[in-house]
1. Determine which single condition Thr166 fails, assuming it passes every other condition in (1) surrounded by fewer than 18 Cβ atoms within 10 Å (Cβ to Cβ); (2) touching a strand residue (DSSP E or B) at 6+ places or on another chain (Cβ under 8 Å); (3) among the polar types (S, T, N, Q); (4) within 20 Å of Thr43 (Cα to Cα).
2. In the set Ala14, Ala51, which member is farther than 25 Å from Ser161 by Cα, modelled with pLDDT of 95 or more and among the hydrophobic types (A, V, I, L, M, F, W, C)?
3. Is the range 123-135 home to any residue that is assigned to a helix (DSSP H, G or I) and either within 23 Å of Tyr174 (Cβ to Cβ) or among the aromatic types (Phe, Trp, Tyr) (or both)?
4. Suppose we keep only residues that are farther than 11 Å from Ile113 by Cα and of a type in the set (A, V, I, L, M, F, W, C) within the range 133-163. Which one would you say is surrounded by the most Cβ atoms within 10 Å (Cβ to Cβ)?
5. Can you name the number of the only condition in (1) without any contact (Cβ under 8 Å) to a residue 24 or more places away in the chain; (2) touching a Ser or Thr at 6+ places or on another chain (Cβ under 7 Å) that Lys165 fails?
6. Here are some residues: Asp106, Asp110, Asp171, Asp178. Which one is farther than 21 Å from Glu47 by Cβ and of a type in the set (Asp, Glu)?
7. List the residue pairs whose Cβ atoms are under 6 Å apart, where the first residue sits in the range 109-120 and is free of Cβ contacts under 8 Å to residues at least 12 places away in the same chain, the second is hydroxyl-bearing (Ser, Thr, Tyr), and the two are 6 or more positions apart or on different chains.
8. List the pairs whose first member sits in the range 125-152 and is on the phi > 0 side of the Ramachandran plot, whose second member is buried (at least 20 other Cβ atoms within 10 Å of the Cβ), and whose Cβ atoms are under 6 Å apart, counting only residues at least 6 apart or on separate chains?
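The values are calculated or read from the model by the stated rules, or taken from the named source; none is laboratory data. What you are looking at is a predicted structure, and each value in this text was computed from that prediction instead of being measured. For neighbour counting, all protein chains shown are included, and Cβ atoms are generated from backbone atoms with ideal geometry for every residue, glycine included.
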Amino acid sequence: MKKGAMFGLDARIALAIFGALSIISGAALYSAIQESKKVSMATSVKEVQKALAQYVLDTGVYLPENNSTSTSMLLGQLYQNRENIDNWDGPYIGNASNLDLTLDVDITKDRVIDARWYAYRYSDLAWGTSDPSTTTARNCSTSNCNIYLMNFLTSSSPSFSNLIKTYEMLDEYYDNGDGAGTGKVRARITPAIVYVYIEVMPEYIKLNN
């Protein structure tokens, strides 16, 4: 084989090797970025947990209910004491907000999502199977009551797919991808709407009744 041809072959082999390495490096980089996003979101959820715990320690009560028959709670109470609860010493967490029911708190870094988080009291028993299209949140009792951060978007929202991705990433992080009906992270997903639930702590007052 001529020297020039040999050089050309060597060059092609080298390019093939560099190409393969770039693919591997690109995949590794993407994986690292995704893992970093999961950790960032989990860290933010932890801060909400700390804020809830401090609120309970300061006031001796849990977040007020939206009404006597509701499973929703006034999460905005963590930012502003609109209910005039004794010994409140916040703001505990969140950004400027004028709502009782929701809290603006940075978790996903998507402002459409983060501008409106809710808190709901639900059971920690299974809500169905791993299929997110069939899950149904279960009311809690005195033996299995937890507080979940909740967010939802309709398919018309530009962040609809991002909220689904948020569920998938956090389900992998907390629950090893066990599906929508069990674990710390749960969801209901249909073509029209997505609900995501993140368990943040036991509801002590309900459990002690």
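1. Every condition holds for Thr166 apart from (1).
2. Numbers: Ala14 fails: modelled with pLDDT of 95 or more.
Testing whether each residue is farther than 25 Å from Ser161 by Cα, modelled with pLDDT of 95 or more and among the hydrophobic types (A, V, I, L, M, F, W, C) leaves just Ala51.
3. Residues of the range 123-135 assigned to a helix (DSSP H, G or I): none.
Among the residues of the range 123-135, not one is assigned to a helix (DSSP H, G or I) and either within 23 Å of Tyr174 (Cβ to Cβ) or among the aromatic types (Phe, Trp, Tyr) (or both), which makes the answer no.
4. Going through the qualifying residues, I end up with Ile147.
5. (2)
6. Working: Asp106 fails: farther than 21 Å from Glu47 by Cβ; Asp110 fails: farther than 21 Å from Glu47 by Cβ; Asp171 fails: farther than 21 Å from Glu47 by Cβ.
Every option except Asp178 fails the conditions.
7. Asp114/Thr108
8. Sorted first by the residue in the range 125-152, then by its partner, the pairs are Gly128/Thr135; Gly128/Gly181.
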